[in-house]
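Each remark here refers to the structure printed beneath this line.
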Amino acid sequence: MTLDAEGMNVTARAGLNGQAPRCDHLDLLPAVERGLPECKECLAVGWAWKRLLVCLTCGWVACSDGSPGGHAQAHYRETDHPVVADLEPGSAWRWCYVHGRTV
């Protein structure tokens, strides 16, 4: 067993065959009710969004970085809620802002 500087088992956190370590933020996510499929900030200023993301900590829905407002990332900067998911039905895509990668 390999331990990190905090004495945690690194092997248990590691991904398969050289993948990045598992994102521990996924273990901390509560079950949340998702908001309406709209970016309220974009609606307020009359902007159109390209893609909607939902915060997996609180259910807030906002536009992606590819949209003019980038309100999902702004929500992360304001709240430190780390993980968002694509609001598109059937999508399994999730992004961790802390790690800067898909999880």
Helices (runs of 4 or more DSSP H) fully within the chain counting 2 or more residues that are modelled with pLDDT under 95 and not β-branched (Val, Ile, Thr): 10-13
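Here's the yes/no breakdown for (1) basic (Lys, Arg); (2) farther than 24 Å from Pro21 by Cβ; (3) under 8 Å from the mean Cα position of the chain (by Cα):
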position: His71; (1), (2), (3): no, yes, no
position: His75; (1), (2), (3): no, yes, no
position: Trp95; (1), (2), (3): no, no, yes
position: His99; (1), (2), (3): no, no, no
position: Val103; (1), (2), (3): no, no, no
Segment 32-57, residues that are surrounded by 16 or more Cβ atoms within 10 Å (Cβ to Cβ) and in contact (Cβ under 8 Å) with a residue 24 or more places away in the chain: Gly35, Cys39, Glu41, Cys42, Arg51, Leu52, Leu53, Val54, Cys55, Leu56, Thr57
So Ala62, is it surrounded by 11 or more Cβ atoms within 10 Å (Cβ to Cβ) and either farther than 20 Å from Ala20 by Cβ or in contact with a His (Cβ under 8 Å, 6 or more places away or on another chain) (or both): yes
Positions within segment 71-98 being more than 18 Å from Pro37 (Cβ to Cβ) and surrounded by fewer than 16 Cβ atoms within 10 Å (Cβ to Cβ), in sequence order: Ala74, Arg77, Glu78, Thr79, Asp80, Val98
Conditions (1) exposed (fewer than 13 other Cβ atoms within 10 Å of the Cβ); (2) touching a strand residue (DSSP E or B) at 6+ places or on another chain (Cβ under 6 Å); number of the one not met by Leu28: (2)
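The values are calculated or read from the model by the stated rules, or taken from the named source; none is laboratory data. All values reported here derive from a predicted model rather than from experimental measurement. All Cβ positions, even for glycine, are placed from backbone atoms using ideal geometry, and neighbour counts span all protein chains on display.
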